1. Quick check: from the Cα gyration tensor, does the range 168-221 come out rounded (a/c under 1.5), prolate or oblate?
2. Is the range 238-313 best put as rounded, prolate or oblate by its Cα gyration tensor, with a ≥ b ≥ c the root eigenvalues, rounded for a/c under 1.5, and otherwise prolate when a/b is larger than b/c, oblate when not?
3. Can you list the HN-Hα couplings for the range 148-164, worked out from phi with the Karplus curve (6.51, -1.76, 1.60; θ = phi - 60°), rounded to whole Hz and with x for Gly and Pro?
4. Can you tell me how the range 150-259 classifies by the Cα gyration tensor, rounded, prolate or oblate, using a/c under 1.5 as the rounded cut?
5. How do 226-233, 120-127 rank on mean C-beta neighbours within 10 Å, highest first?
6. Please list, in order, the residues from the range 105-124 whose amide nitrogen is less than 15 Å from a point placed 7 Å along the Cα→Cβ vector of residue 154.
7. How far is it, in nm, from the label point at residue 263 to the one at residue 294 when both lie 7 Å from their Cα along the line to the Cβ?
8. Between their Cα atoms, which of 150/225; 99/237; 145/237; 99/150; 99/225 are more than 26 Å away from each other?
Amino acid sequence: MGASFRPGEADLNPVRKRRRNRGRTLQNSHCLSVGRRGRQTDPEVGRPISSSLWVGRRVLLAMPAREAVKKPGGLQAGRNASGCPFLQPEPVGRSMSEKRFVMSYSGGKDCALALYRMIRRGCQPAALLTTYRAALGCSWFHGLKPDILKRVAEAMAIPLRLVPVGEGDGYRQDMLAALRDFRRAGVESCAFGDIDIQEHYDWCDALCRDAGIESVFPLWRESRKRVVYEFVDSGFKAAITVIRRSQLDESFLGRTLSRALADEIARRGADICGENGEYHSFVYDGPLFRYPLVPRLGRPFRQGACSVLPVRL
């Protein structure tokens with residue numbers, strides 16, 4: 001049986017949404033609370049989260065959350081249109097002693113949280129780097145159109161580099177060329193949102209070594225449950241837009257990620273963080289956004305083993 005919608009939980013599935021209230025917009029159905037900035041509690045051990053920033057196999061920085069909220073250089077604080085506290089990089093031209101990095105950005109929750117941690121530590125984002133299939137006109141894995149990704153980058157006030165890539169080794173060569181361009185422009189590292197899949201780590205780390213820059217994994221080897229809870233508690237909002245049908249049914253599509261929804265996903269036997277591809281999400285608001293985006297989600301369609309909910313803005 002499909003999961004039922006609960007009152008108070010944001011729901012973006014177009015079929016259920018039309019039945020409940022025609023014409024209601026996502027902007028009026030935000031339900032995730034904005035956590036207290038800085039002091040976030042580890043749900044597993046009941047103490048403030050301490051996050052490690054990994055570069056290659058070396059820990060660069062271990063910083064308790066209460067220290068991370070001290071205003072770092074190169075950031076401006078404020079609130080976006082939905083009232084969510086946000087941090088933004090300073091405009092280019094101000095003094096920047098922080099390391100410049102490029103973020104490998106898919107549009108999903110893990111890379112958004114990794115980007116947030118990097119900025120909170122005072123690192124300066126040079127760009128969001130997103131690969132896409134030119135033949136299909138959408139990004140790899142999350143299937144987002146270039147115009148959607150551009151709107152996300154504009155809302156974050158971070159430049160976007162779209163990289164058309166081929167298949168197999170062509171994918172690697174296209175990514176390598178883009179990273180070498182960034183290195184020549186003074187970028188020192190590339191950050192990734194991977195958590196604990198060693199094969200992904202090794203591939204990204206080798207790619208960066210060949211490009212002459214450092215690989216950074218802000219979420220590496222952390223509890224998957226902790227990662228998804230921190231994402232929600234930080235005030236981010238993300239809709240589930242892709243599910244693997246062997247592990248989740250289509251009733252999960254369009255729902256806004258919350259602690260309760262993450263726990264429900266885990267009870268279904270899927271990974272709570274979707275790290276193995278059980279689900280993908282689209283982040284449309286949170287502490288990196290100057291203003292919230294308002295996604296309009298189309299009708300689900302099936303693509304191989306997955307079901308996809310198209311995103312429009």
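1. Cα axes put the range 168-221 in the oblate bin.
2. Because a/c hits 1.5 or more and a/b fails to exceed b/c, the range 238-313 counts as oblate.
3. For the range 148-164, the Karplus curve yields 5, 4, 5, 5, 4, 4, 5, 5, 8, 6, 10, x, 10, 10, 8, 10, x Hz.
4. prolate
5. 226-233, 120-127
6. No residue passes the distance filter.
7. The modelled label-to-label distance comes out at 3.2 nm.
8. 150/225; 99/237; 99/225
Where a number appears in this text, it was derived from the coordinates with a stated rule and is not lab data. In this text, all values refer to a predicted model and were calculated from it rather than measured experimentally. Cβ: placed from backbone, ideal geometry, glycine included. Neighbour counts: every protein chain shown.
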